[in-house]
Amino acid sequence: MRRDEEFSEFFTSRFDWARRTAYAMCGDWSEAEELAQNAFVKAYAKWPSIRRDTAVAYVRTIVTRLFLDSRRRRREDPVADLPEHGVGGGFDDPDARLHAALRQVPPKQRAALVLRFVHDLSIEQTAAELGCSIGNVKSQTARGLATLREAYGEPVNSECA
């Protein structure tokens, strides 16, 4: 029964974090919830063999790969525009503009940006999580930042005195 107790504590302490990570990548709270749940289901199945000191990284990798897999399978555009204000979720209005711009970044570039700048992973760690080369991470990050800057437009506080 210790396995279930350990996993329950881990799940309770990290689920919201995983859901927010998924949301940063996909931009949809329902999908983020599903990605996070699926990641924890996979982690639970492997729990006896997961080192506790790397469990967070393991779940983050699963969330990232589930997100990228979902984008590979689903290449169509959304039918309707997303509402400006979501229902619940945890990101305040100041972040809404950034998240709208982030959704315009292609999935692999978005994943690289989230891992590098939200989770503050090194280029090498990001490459390991994405299963690609260091050079690929550098180019995905550079392209993603360029797309994000273009989608975001002028900074909110760009007034000159």
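The values are calculated or read from the model by the stated rules, or taken from the named source; none is laboratory data. Fair warning: this is a prediction, and the values are worked out from it, not measured in the lab. Only protein heavy atoms, including side chains, enter the accessible area calculation; ligands, DNA and RNA are left aside. Shrake-Rupley method; radii C 1.70, N 1.55, O 1.52, S 1.80 Å.
Descriptive notes on the structure:
- Nearest-10 value in Å² for the accessible area of S70, using the 1.4 Å probe: 20 Å²
- With θ taken as phi - 60° and the Karplus curve 6.51 cos²θ - 1.76 cosθ + 1.60 applied, the whole-hertz 3J(HN,Hα) list for the range 124-141 is 5, 5, 5, 4, 5, 5, 7, x, 9, 7, 4, x, 5, 4, 4, 6, 5, 5 Hz, x standing for glycine and proline.
- Whole-Hz ³J(HN,Hα) from phi, Karplus 6.51 cos²θ - 1.76 cosθ + 1.60, for the range 34-42, glycine and proline x: 5, 4, 5, 4, 5, 5, 6, 4, 5
- Backbone HN-Hα couplings from phi across the range 52-68 [Karplus 6.51/-1.76/1.60, Hz, Gly and Pro as x]: 5, 6, 10, 4, 5, 5, 4, 5, 4, 5, 5, 4, 4, 5, 4, 4, 5
- Residue-level accessible surface for Y23, protein heavy atoms, 1.4 Å, Å²: 20 Å²
- Compactness index (Cα Rg / 2.2 N^0.38 Å), the range 1-80: 1.16
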